[in-house]
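Novice: Before we start, here is the structure in question, set down as structure tokens.
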Amino acid sequence: MRRLAAGNWKMNGVSASLDEIRALLALHSDPACEMLICPPATLLAPLAVLAAGTALSVGGQDCHQNASGAHTGDISAAMLKDAGAGSVILGHSERRADHGETDQLVAQKALAAREAGLVAVICLGETEGERDAGRTLDVIGAQLAGSVPDGASGANTVIAYEPVWAIGTGRVPTLDQIAEVHDFISRSLNARFGTAAGAIRLLYGGSVKPSNAAEIFEVPHVHGALVGGASLKASDFGTIVAALSAA
Ligand code: PGA
């Protein structure tokens, strides 16, 4: 399985930020380790030009569930593909919280992404209250069942486990807590999708930094990371990619 270091730039980055990508490409070229950067949509096309022929691929941060139509401000999966994306993040907790995205909507978007030939990077994660109440696996199980459409395989789906309370906070779960959830996701995918599930990559996300990446990548069923803040600087993200290459 090809490991995956994915960067989510969120609403950060203008043309000058592409210098970070040039620096990143100068640092890394391990073909066994895929790098993915999901910039704001305005940077997709120029980033795709820079990434062509390298170990870097580019992705969107969201897409609309419909193929086209009267949806002002939205972007379809086919438009992302046309701009050079190979994948799209879906169901990020910030989309779920800021835009009221439900599991059902995320599943519809995942199908739209698949239809357009994009890999769906589907995000799941419990809130702090849910973890404190001992409901983590119930929440993850329900999100997994509701957000991942039938027919998921390694070719069309990546799952990112991102505890909401770990995103942008500098707090990370213990390695045992990450292991428990990744093992649960792996078993759930196997039960539902059988052999096709074996190739679905599972990323951990939430305050992954150069200082903690190596130990997180040792956790069973962790095949890479989805990185927010630390993906904005080539030096930080490059260190995380190097840790993944070495894992
Ligand atoms: P963070 O964000 O690495 O800044 O915590 C992760 C994410 O939201 O994907």
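The values are calculated or read from the model by the stated rules, or taken from the named source; none is laboratory data. Values in this document were obtained by computation on a predicted structure and should not be read as measured data. FYI the Cβ positions are ideal-geometry reconstructions off the backbone, even for glycines, and counts take in every protein chain you see.
Novice: Taking L4, is it part of a helix (DSSP H, G or I) and within 20 Å of A230 (Cα to Cα)?
Specialist: Taking the combined requirement at face value, the residue does not satisfy it.
Novice: Among the residues of segment 169-186, is there at least one that is surrounded by 17 or more Cβ atoms within 10 Å (Cβ to Cβ), within 15 Å of the ligand (Cβ to nearest atom) and either among the hydrophobic types (A, V, I, L, M, F, W, C) or under 18 Å from A6 (Cβ atoms) (or both)?
Specialist: There is at least one residue in segment 169-186 that is surrounded by 17 or more Cβ atoms within 10 Å (Cβ to Cβ), within 15 Å of the ligand (Cβ to nearest atom) and either among the hydrophobic types (A, V, I, L, M, F, W, C) or under 18 Å from A6 (Cβ atoms) (or both).
Novice: May I ask you to verify whether R114 is charged (D, E, K, R), buried (at least 19 other Cβ atoms within 10 Å of the Cβ) and within 16 Å of the ligand (Cβ to nearest atom)?
Specialist: no
Novice: Quick one: how many residues across segment 157-168 are surrounded by 19 or more Cβ atoms within 10 Å (Cβ to Cβ) and either within 11 Å of the ligand (Cβ to nearest atom) or part of a loop (DSSP other than H, G, I, E, B) (or both)?
Specialist: Matching residues across segment 157-168 total 8.
Novice: In segment 80-108, what residues are in contact with a helix residue (DSSP H, G or I) (Cβ under 8 Å, 6 or more places away or on another chain), closer than 25 Å to A45 by Cβ and away from the ligand (no atom under 15 Å from the Cβ)?
Specialist: Passing the criteria: L80, K81, A83, G84, A85.
Novice: A further question on this structure: From the set of residues in segment 209-242 that are within 15 Å of the ligand (Cβ to nearest atom) and in a loop (DSSP other than H, G, I, E, B), which is farthest from W165 (Cα to Cα)?
Specialist: Result: K233.
To keep it simple, each residue is scored yes or no on (1) farther than 20 Å from Q104 by Cα; (2) not hydroxyl-bearing (S, T, Y).
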site: D150; (1), (2): no, yes
site: V158; (1), (2): no, yes
site: G168; (1), (2): yes, yes
site: D183; (1), (2): yes, yes
site: S186; (1), (2): yes, no
site: L202; (1), (2): yes, yes
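Novice: Would you mind finding the one in E130, E126 that is in contact (Cβ under 8 Å) with a residue 24 or more places away in the chain, at negative phi and not hydroxyl-bearing (S, T, Y)?
Specialist: E126
Novice: Where the second residue is away from the ligand (no atom under 16 Å from the Cβ) and the first is over 11 Å from L226 (Cα atoms) and lies in segment 194-215, which pairs have Cβ atoms under 6 Å and are six or more apart or on separate chains?
Specialist: Cβ pairs passing all conditions: A196/S153; A197/L189; A197/N190; A199/G154; I200/G154; I200/T157; I200/L189.
Novice: Considering each of G206, G194, G154, G198 in turn, give the residue that is within 16 Å of the ligand (Cβ to nearest atom) and either within 16 Å of the chain's Cα centre (by Cα) or modelled with pLDDT under 95 (or both).
Specialist: None of the others qualify; the one that does is G206.
Novice: When segment 57-77 is examined, which residues are found to be in contact (Cβ under 8 Å) with a residue 40 or more places away in the chain and of a type in the set (A, V, I, L, M, F, W, C)?
Specialist: Answer for segment 57-77, where residues must be in contact (Cβ under 8 Å) with a residue 40 or more places away in the chain and of a type in the set (A, V, I, L, M, F, W, C): C63, A67, A77.
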